[in-house]
Amino acid sequence: MTLNWTLDATDGTARAGTLRTAHGDVPTPVFMPVGTAGTVKAMTADAVRSTGARMVLGNTYHLMLRPGAERVARLGGLHRMMDWSGPILTDSGGFQVMSLSGLRKMDEQGVTFQSHIDGSKHRLTPEHSVEIQRLLDADVTMCLDECTPFPATEKQAAESMRLSMRWAARCREAFTPREGYGLFGIVQGGVYPDLRAESVDALTAIGFEGYAVGGLAVGEGQEMMFSVLDTTVPRLPTDKARYLMGVGTPSDLVGAVRRGIDMFDCVMPTRSGRTGRAYTRHGMLNMRNARHADDGGPIDPACTCPACARHSRAYMHHLFKAGEMLGPMLLTWHNIQYYQDLMAELGGAILAGRFEETAARIDAGWRNSEEEKAA
């Protein structure tokens with residue numbers, strides 16, 4: 001049996017379920033910390049595990065360039081290399097196809113690009129992307145797609161989406177089913193409902209173990225993102241996992257769970273941790289601000305991470321002002337803990353039939369934050 005997802009409860013259109021993989025079961029909704037190059041930046045694997053994270057993300061593009069998928073395979077796979085025994089999802093490289101537009105050339109068969117590391121030329125096709133992810137031993141393999149940029153005309157979005165659908169069929173053909181492993185298709189189509197519907201229909205006709213919604217959080221804004229989800233998610237199969245790629249803020253996550261999304265990833269908590277910004281139940285805090293210099297209290301009294309349990313806001317402020325690497329390490333740990341706690345709280349609320357009440361309380365905590373308004 002390939003990887004599968006089962007529904008445990010619903011509350012409105014919000015869903016709680018279980019993703020079953022070769023490397024363990026994952027309760028959903030789930031947030032996957034981003035380990036682009038085989039590590040969640042500034043964290044050990046033990047630290048990531050301590051937050052309650054059950055699944056992480058790696059990136060095909062970065063790992064194929066360095067250290068190389070074949071080398072990872074020779075060393076026992078990505079799980080062994082990065083000391084992560086739980087499930088791993090690997091991004092196919094499609095986002096980099098978009099973001100590195102100045103270094104690549106696309107055609108029907110795939111994409112040729114220059115490495116951002118040393119300028120060397122590489123070729124990535126749907127088949128090669130699937131093979132790289134197999135060598136990495138990813139539990140969830142993502143189809144290679146072209147992440148449609150924003151803004152894009154309807155004609156541009158249509159051409160991009162249809163290319164991605166042709167690539168999806170080739171990925172399905174190239175993927176070898178294995179016990180506990182699966183392939184996810186990616187819905188594209190920009191901000192155009194008819195194109196999103198066409199993409200869903202094409203993907204479901206092919207058949208995948210899960211379905212991702214891609215091409216969002218690329219500049220369209222939250223209102224438009226939610227509008228796209230409102231018209232897209234109800235068309236997706238109800239018995240498969242739904243993954244919103246590269247999203248997002250706590251508010252984004254709450255709104256997407258409300259609309260029936262099960263899986264998330266985003267660099268925000270780790271990137272913010274490295275730049276002094278802390279996510280809390282009462283909004284965002286900038287630990288570089290002078291107001292924290294004499295504050296002996298924790299970042300978030302409700303948080304159990306080491307930054308909150310053992311240190312003060314004043315100490316965190318000092319670490320960042322002094323340029324000490326411990327500051328980004330502790331604050332990244334805190335932010336990942338916050339995201340994991342948020343997902344656990346939302347999942348528990350769905351199981352208890354209290355999702356809207358819980359979501360309203362979470363949203364209110366963020367709306368009342370003065371520093372978040374200033375940010």
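Here are the numbers:
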quantity: Leading residue at positive end of dipole, segment 10-69 (Cβ point charges), from ALA22, ALA37, ALA53; calculated: ALA37
quantity: Gain upon complete extension [LYS321, LEU7; 0.36 nm per residue less C-alpha separation]; calculated: 108.3 nm
quantity: Helix-only mean residue ellipticity at 222 nm for the chain, each DSSP H run of n ≥ 4 adding -39500 (n - 2.57), per residue, nearest 500; calculated: -12500 deg cm²/dmol
quantity: Kirkwood-type radius of segment 100-161, with distances r between different C-alpha atoms, in Å; calculated: 13.2 Å
quantity: For segment 350-368 and segment 96-165, distance of Cα centres in Å; calculated: 37 Å
quantity: Mean Cβ count within 10 Å, highest first, over the residues of peptides 266-272, 5-11; calculated: 266-272, 5-11
quantity: Cα-projected label distance for ARG361 with GLN114, points at 7 Å along beta-carbon direction, nm; calculated: 5.4 nm
quantity: Highest-first arrangement of 206-214, 222-230, where packing means the average Cβ count within 10 Å; calculated: 206-214, 222-230
quantity: Share antiparallel - DSSP beta bridges, the chain, percent rounded to 5; calculated: 50 percent
quantity: Dipole of segment 4-231, positive end: most advanced residue of CYS143, VAL213, THR112 [Cβ charges, Cα centre]; calculated: THR112
quantity: Three-way shape call for segment 273-374 based on the alpha-carbon gyration tensor, with the a/c threshold at 1.5; calculated: prolate
quantity: Rg [Å, one decimal], Dmax [Å, integer] - the chain, C-alpha atoms; calculated: 20.2, 60
quantity: Within the chain: Cβ-based charge dipole about Cα centre, in debye rounded to nearest 20 (Lys, Arg +1; Asp, Glu -1); calculated: 800 debye
quantity: Förster radius 35 Å - calculated FRET efficiency between ALA352 and LEU103, Cβ distance, rounded to 0.05; calculated: 0.10
quantity: 0 to 90° range, to nearest 10: angle between helix 313-322 axis and the chain longest Cα axis; calculated: 70 degrees
quantity: P(r), alpha carbons of segment 292-347 - 5 Å bins starting at zero, rounded %; calculated: 4, 22, 28, 24, 13, 6, 3, 1
quantity: Percent RCO, i.e. relative contact order, over the chain, from Cα pairs under 8 Å lying at least 6 residues apart; calculated: 19 percent
quantity: Kirkwood Rh and Cα Rg combined as Rg over Rh, evaluated for segment 121-275; calculated: 0.96
quantity: Derived scalar couplings ³J(HN,Hα) [segment 134-139; Karplus, 6.51 cos²θ - 1.76 cosθ + 1.60; whole Hz; x for Gly, Pro]; calculated: 5, 4, 6, 6, 5, 5
quantity: Residues of segment 257-279 with amide N under 16 Å of the 7 Å Cα→Cβ point at ASP46; calculated: none
quantity: Sum of side-chain charges, ARG274 neighbourhood, beta-carbon under 14 Å (Lys, Arg +1; Asp, Glu -1); calculated: +3
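Laboratory data are not the source of any read-out in this text; all were calculated from the coordinates shown. Just so we're clear, the structure is a prediction, and the values are computed from it rather than from any experiment. Glycine gets a Cβ as well: all are built from the backbone with ideal geometry, and neighbour counts include every protein chain shown.
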